[in-house]
Amino acid sequence: MTLKFIRSFLNDREALLTTIPYLIEKNSPLLSTQSGKMLLDLLVLGEDHRNKYHIGFDIIAITRAIYRRVTTGLKEGASTIEQQLVRVITADYSMTFSRKLKEILLAVIIRMKFDRQQLAISYLDIAYYGTEYPSLDSILAGFGLSRDADIDLKVCASIIARLKYPEPRVMSERNNYQIERRTSHLLKLYLRKHPTHLK
């Protein structure tokens, strides 16, 4: 490991350990609401369905993504919720092996220190949902809602869909189709897990 890598790692670790407790305190009320629980459930189902079973990185997803890249040339996401939270807080999006390694190490550290639901709700708060929606509050406002609103399941799914397909400033038919298709997929996953929600 180079001195530059170590310095960057320590600086980012400090930023995470300073920022995350603030985000947890800010967002903890959302954890006790039905809307917050639906958002979290949809987040895990759509972005990190083995979240309960890993320690901050998902070796199965990483192996599958590498295999897919080697055999087909296609890129596939393998980042966990913790890794995505690290990326947003550190604002490091460089496409390098050292950045990915640092991200994994930091994801393990925060997973060991904080509760997984607290990390997930923190990520939801500062995630990028589109050009005009750089946070949970902004995307809720885009739907004419606030945190204390009773948010409909379909709206929750539509919000989480934008993590995969962020909404551009000017929407095209293709953008609408991607978001709607992703929303439908998330709803199916959720209703399969919570069939009583249909009643």
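How much net charge surrounds TYR53 when only other residues with a Cβ under 14 Å from its Cβ are counted (Lys, Arg +1; Asp, Glu -1)? Once all neighbours under 14 Å are counted, the net charge is +1.
Rounded to a whole number of µm²/s, how large is the Stokes-Einstein D of the range 37-81 at 4 °C and 1.567 mPa s, given Rh as the Kirkwood radius over C-alpha pairs?
115 µm²/s
Over the range 68-137, Cα pairs under 8 Å with separation of 6+ residues give a relative contact order of 28 percent. Across the chain the C-alpha pair distances fall into 10 Å bins from zero in the proportions 8, 33, 38, 18, 3, 0 percent. What is the sum of charges, Lys and Arg at +1 and Asp and Glu at -1, for the other residues whose Cβ falls under 11 Å from the Cβ of PHE5? Neighbourhood net charge equals +3.
Remark: the HIS185-GLU14 segment gains 57.8 nm on full extension, using 0.36 nm per residue and subtracting the alpha carbon distance.
Every helix of 4 or more DSSP H residues in the chain counts as -39500 (n - 2.57), and over all residues that averages to -22000 deg cm²/dmol at 222 nm.
Accessible area per residue for the range 55-199 is 56 Å², calculated with a 1.4 Å probe on protein heavy atoms, without ligands, DNA or RNA. Cα convex hull, the range 14-125: 98 Å³ per residue, rounded to a whole number.
Once the Cα-Cα distance is subtracted from the 0.36 nm per residue extended length, the LYS26 to ILE59 segment shows a gain of 8.8 nm. In the range 81-190, if the dipole is taken from +1 on Lys/Arg beta carbons and -1 on Asp/Glu beta carbons about the Cα centre, which of VAL86, ILE179, GLY142 is farthest to the positive end? The residue sitting farthest along the positive end of the dipole is VAL86. Computed on the range 1-73, the Cα convex hull volume stands at 140 Å³ per residue. All distinct Cα pairs of the range 121-199 go into the 1/r average, and the inverse of that average, the Kirkwood radius, is 13.1 Å. Between the range 80-141 and the range 53-74, how far is it from one alpha carbon centroid to the other, in angstrom? So the two Cα centres are separated by 18 Å.
Charge tally for ALA149 (other residues, Cβ to Cβ under 15 Å; Lys, Arg +1; Asp, Glu -1): -1. Within the range 44-107, the proportion of C-alpha pairs whose separation exceeds 19 Å stands at 30%.
The values are calculated or read from the model by the stated rules, or taken from the named source; none is laboratory data. Please read all numbers here as calculations on a predicted model, not as lab measurements. Positions of Cβ are generated from backbone atoms using ideal geometry, with glycine treated the same way; all protein chains shown enter the neighbour counts. Keep in mind that these areas ignore ligands, DNA and RNA; they rest on the heavy atoms of the full protein, side chains included. Shrake-Rupley method; radii C 1.70, N 1.55, O 1.52, S 1.80 Å.
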